[in-house]
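S.K.: This is the structure I have questions about; it appears just below.
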């Protein structure tokens, strides 16, 4: 039996961390850095490391857990947010490069199986790459973000389905009519069984655990692992690959099956165990199989595959986007965002190499194609989105709409009335008298303890896009924002911080990805009193040059103005709360009180 080599594992993990950190620092996904480290440390360059049975086993477990995490992150309801024309564009971004990739490999003399593997690889879109870049460019609330989300989900799902069919085909060997029926039957039976288990059995298990009041996170994690490997084994029995079973398990292990808080914690555990430990082993070891000889022997094929991947993805997306009526410029922008590749493509290519379907040369081409195309995404997407913004064609479109506001005080009511002009607003407060005042102002208001999940559920927190905590108690504000983040996944949390609040509160803001209301620490009572006594004047100011909200606050302090910035209004007339983590663009207006 092969000896367990701790030193090799240590070098791989340390190298993965260094490479991943360097890639993320440059604005790219960590897997690119991990692949490059594998190429450098592997046989291709330094020859310090090579694959082994131990590494292969850990890598196999790593990709299974990674596919679970990817499945857990996908919500098919998000596809509808891109609209039907957007979904057509997403499909075009898969089908066109798939076809071009297939015929490119056939042209260079590759087998049909190898051609299909390459076609899958050029057709997928990296969800991780896209998500990180959208965050960095502050594009998450734009229409193109939802189209990109649809593209990533559809392309990855289509890739896995086609991959499943290929595995069945390879497993059957000599194919005749009866063999084809048998292969298809097993695959269909697998999807039926996993769907039935996911839709009916898993919710029953979740309800049983809830009724028994079992909230042991370790027990839940163990049960989910049993489910995952059970699904993975079902896939193997059906002649498919285990990663498809793991992906299907992840799709069904969603909030609503188990306790919401525990589901969030389990999701974080899968993220840390897969992306932080086991998956990097797979991607670094994948780099061991790369050969640099292709730059001498197959350079023309590498260039062709890379160009086909880029032109097919961008052109196919733009072509299918035309009937949407949103313009060819937005179609090109979406295409540039979908051009990056990532985890799914490398996993499928690695399995193809292991099974002998593709050669080390084609595997190396796919790895370098993934690296080259992903490097273009932030550059091209930045150019094209600035192009749209300059032409006034960058359309904002919120994912989860509406505001949940904690605090039926005069300031909370004043802000709510502004926001209610365009979005659904619900106020929560424990004070009955204040709730009645808010209701008389025509606002939807719920009375209850905000720190209880039942109150949040009654206020419709699961559907809200923003949570604003506006009480005089910073601790309550922070705890409520933490609950909104951990249990209801509200994407935007904005918290009023009292000037007396220590640095610990600011640290907590960072941990839950929240921002401070008004971009500075503010005392609530003076402004609530002034509003109630009508001692304030509302002012609107247009901004001529781009600046952060913090910079704007500093400018006002230099003028010694006592003001309270409430809202930012974009050129389309949409209002958003003024908070620390925001940037004001030229042409936008600030509404403030003085």
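The values are calculated or read from the model by the stated rules, or taken from the named source; none is laboratory data. The shown structure was predicted, so the numbers you read here are calculated from the model rather than taken from an experiment. Here Cβ is always computed from backbone atoms with ideal geometry, including for glycine, and neighbour counts include all displayed protein chains.
S.K.: Every residue in region 539-574 that is at pLDDT below 85 and in a loop (DSSP other than H, G, I, E, B), please.
M.R.: Result: 559, 560, 561, 562, 572.
S.K.: Same structure again: Which of (1) in the same structural domain as residue 423 (by TED's automatic domain parsing); (2) at positive phi is the odd one out, the single condition residue 356 does not satisfy?
M.R.: (1)
S.K.: If we scan region 357-369, do we find a residue that is touching a residue at least 60 places away in the same chain (Cβ under 8 Å), over 20 Å from residue 299 (Cα atoms) and in contact with a helix residue (DSSP H, G or I) (Cβ under 9 Å, 6 or more places away or on another chain)? Walk me through how you get there before you give the answer.
M.R.: First pass over region 357-369, keeping only residues touching a residue at least 60 places away in the same chain (Cβ under 8 Å): 357-369.
With over 20 Å from residue 299 (Cα atoms) added as a condition, the list becomes 357.
In the following step, the residues that additionally are in contact with a helix residue (DSSP H, G or I) (Cβ under 9 Å, 6 or more places away or on another chain) were identified as 357.
Taking every residue of region 357-369 in turn, at least one turns out to be touching a residue at least 60 places away in the same chain (Cβ under 8 Å), over 20 Å from residue 299 (Cα atoms) and in contact with a helix residue (DSSP H, G or I) (Cβ under 9 Å, 6 or more places away or on another chain).
S.K.: Can you confirm whether region 557-565 contains a residue that is crowded, with 18+ Cβ neighbours inside 10 Å, out of contact with any strand residue (DSSP E or B) (no Cβ under 9 Å at 6 or more places or on another chain) and within 28 Å of residue 463 (Cα to Cα)?
M.R.: No - not one qualifying residue is present in region 557-565.
S.K.: For region 41-59, which residues satisfy the criterion of being without any contact (Cβ under 8 Å) to a residue 40 or more places away in the chain and within 31 Å of the chain's Cα centre (by Cα)?
M.R.: From region 41-59, those without any contact (Cβ under 8 Å) to a residue 40 or more places away in the chain are 46-48, 57; that's our starting set.
Listed by number, the list holds a single entry, 57.
S.K.: Does residue 423 fit the bill of being without any contact (Cβ under 8 Å) to a residue 60 or more places away in the chain, assigned by TED's automatic domain parsing to the domain that holds residue 497 and in a helix (DSSP H, G or I)? Spell out how you get there, then give the answer.
M.R.: On the way: without any contact (Cβ under 8 Å) to a residue 60 or more places away in the chain: yes; assigned by TED's automatic domain parsing to the domain that holds residue 497: yes; in a helix (DSSP H, G or I): no.
Taking the combined requirement at face value, the residue does not satisfy it.
S.K.: Can you name the helices (runs of 4 or more DSSP H) wholly within region 242-354 that have at least 2 residues being surrounded by fewer than 21 Cβ atoms within 10 Å (Cβ to Cβ) and at pLDDT 85 or above?
M.R.: 294-297, 299-321, 328-337
S.K.: Tell me which of these residue 416 doesn't satisfy, since it passes every other one: (1) free of Cβ contacts under 8 Å to residues at least 12 places away in the same chain; (2) crowded, with 23+ Cβ neighbours inside 10 Å.
M.R.: Looking at each condition in turn, residue 416 falls short on (1).
S.K.: Considering region 514-529 alone, what residues qualify as being in contact (Cβ under 8 Å) with a residue 60 or more places away in the chain, farther than 17 Å from residue 408 by Cβ and either out of contact with any helix residue (DSSP H, G or I) (no Cβ under 6 Å at 6 or more places or on another chain) or not assigned by TED's automatic domain parsing to the domain that holds residue 500 (or both)?
M.R.: 515, 516, 518, listed by residue number.
S.K.: Which residue out of 438, 469, 408, 459 is over 30 Å from residue 114 (Cα atoms), out of contact with any helix residue (DSSP H, G or I) (no Cβ under 9 Å at 6 or more places or on another chain), buried (at least 19 other Cβ atoms within 10 Å of the Cβ) and not assigned by TED's automatic domain parsing to the domain that holds residue 329? Please lay out each step first, then the result.
M.R.: Working: 438 fails: out of contact with any helix residue (DSSP H, G or I) (no Cβ under 9 Å at 6 or more places or on another chain); 469 fails: out of contact with any helix residue (DSSP H, G or I) (no Cβ under 9 Å at 6 or more places or on another chain); 408 fails: out of contact with any helix residue (DSSP H, G or I) (no Cβ under 9 Å at 6 or more places or on another chain).
Of the residues listed, the single one that is over 30 Å from residue 114 (Cα atoms), out of contact with any helix residue (DSSP H, G or I) (no Cβ under 9 Å at 6 or more places or on another chain), buried (at least 19 other Cβ atoms within 10 Å of the Cβ) and not assigned by TED's automatic domain parsing to the domain that holds residue 329 is 459.
S.K.: Also, quick follow-up: Give 375, 353, 381 a once-over and let me know the one that is closer than 23 Å to residue 163 by Cβ and out of contact with any strand residue (DSSP E or B) (no Cβ under 8 Å at 6 or more places or on another chain).
M.R.: Values: 375 fails: closer than 23 Å to residue 163 by Cβ; 381 fails: closer than 23 Å to residue 163 by Cβ.
Just one listed residue meets the conditions, 353.
S.K.: A further question on this structure: Would you mention how many residues in region 364-383 are at pLDDT 85 or above, farther than 14 Å from residue 308 by Cα and surrounded by fewer than 23 Cβ atoms within 10 Å (Cβ to Cβ)?
M.R.: Residues meeting the conditions: 2.
A quick yes/no check of all residues on (1) assigned to a loop (DSSP other than H, G, I, E, B); (2) on the phi > 0 side of the Ramachandran plot:
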| position | (1), (2) |
| --- | --- |
| 427 | no, no |
| 439 | no, no |
| 442 | yes, yes |
| 450 | yes, no |
| 462 | no, no |
| 493 | no, no |
| 499 | yes, no |
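S.K.: Shifting gears a bit: Quick check, is residue 483 within 23 Å of the chain's Cα centre (by Cα), in a helix (DSSP H, G or I) and modelled with pLDDT of 85 or more? I'd like the intermediate steps shown before the answer.
M.R.: Numbers: within 23 Å of the chain's Cα centre (by Cα): yes; in a helix (DSSP H, G or I): yes; modelled with pLDDT of 85 or more: yes.
Yes: the conditions hold for residue 483.
S.K.: In region 213-236, what count of residues is obtained for those that are over 14 Å from residue 197 (Cβ atoms) and in contact (Cβ under 8 Å) with a residue 40 or more places away in the chain?
M.R.: Residues flagged as over 14 Å from residue 197 (Cβ atoms) and in contact (Cβ under 8 Å) with a residue 40 or more places away in the chain within region 213-236 amount to 4.
S.K.: Another one. Being closer than 27 Å to residue 59 by Cα, out of contact with any helix residue (DSSP H, G or I) (no Cβ under 9 Å at 6 or more places or on another chain) and modelled with pLDDT of 85 or more, is that true of even one residue in region 211-220?
M.R.: So in region 211-220, the residues closer than 27 Å to residue 59 by Cα come out as 217-220.
The next check asks that each one be out of contact with any helix residue (DSSP H, G or I) (no Cβ under 9 Å at 6 or more places or on another chain); those that pass are 218.
Filter again for modelled with pLDDT of 85 or more, leaving 218.
Yes, that holds for at least one residue.
So that you can scan it fast, the table gives a plain yes or no per residue for (1) modelled with pLDDT of 80 or more; (2) assigned to a helix (DSSP H, G or I); (3) closer than 17 Å to residue 344 by Cα; (4) touching a strand residue (DSSP E or B) at 6+ places or on another chain (Cβ under 9 Å):
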site: 4; (1), (2), (3), (4): no, no, no, no
site: 7; (1), (2), (3), (4): yes, yes, no, no
site: 21; (1), (2), (3), (4): yes, yes, no, no
site: 44; (1), (2), (3), (4): yes, no, no, no
site: 58; (1), (2), (3), (4): yes, yes, no, no
site: 65; (1), (2), (3), (4): yes, yes, yes, no
site: 72; (1), (2), (3), (4): no, yes, yes, no
